[in-house]
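**Q** One structure coming up, written as structure tokens, with questions to follow.
The values are calculated or read from the model by the stated rules, or taken from the named source; none is laboratory data. Because the structure is a prediction, the values reported are computed rather than measured. FYI the Cβ positions are ideal-geometry reconstructions off the backbone, even for glycines, and counts take in every protein chain you see.
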């Protein structure tokens, strides 16, 4: 999956989460939670994007709106978990949870350990 495809997968999850939360509360409330204008939320919900949101910001916004990390991983495929880990800068506990999820989906344990170790060294 290329970065553009990864972005599209995350963007779809974000817009769906925005839609769900706007129906539950209001577009104004969602905008406040995400630190954007109500007009931005309105544009996203109508399919307009306006300025491109950085991948990291889109992921963080989706997480703020309650999109589970597991759902993000499923959307982008387990092979791209290393990219998500590096974008999110996840803590050790969350990395262990992701490791468990990825192992259950067939990713090689040793390869995953080395990727997480590499990412944690890059982060420090």
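**Q** Take region 2-23 and flag every residue that is surrounded by fewer than 14 Cβ atoms within 10 Å (Cβ to Cβ) and either touching a helix residue (DSSP H, G or I) at 6+ places or on another chain (Cβ under 9 Å) or more than 21 Å from residue 69 (Cα to Cα) (or both).
**A** Correct list: 3, 5, 12, 23.
**Q** Need the failing condition index for residue 87 against (1) surrounded by 13 or more Cβ atoms within 10 Å (Cβ to Cβ); (2) modelled with pLDDT of 90 or more, just the number.
**A** Unmet for residue 87, out of (1) surrounded by 13 or more Cβ atoms within 10 Å (Cβ to Cβ); (2) modelled with pLDDT of 90 or more: (2).
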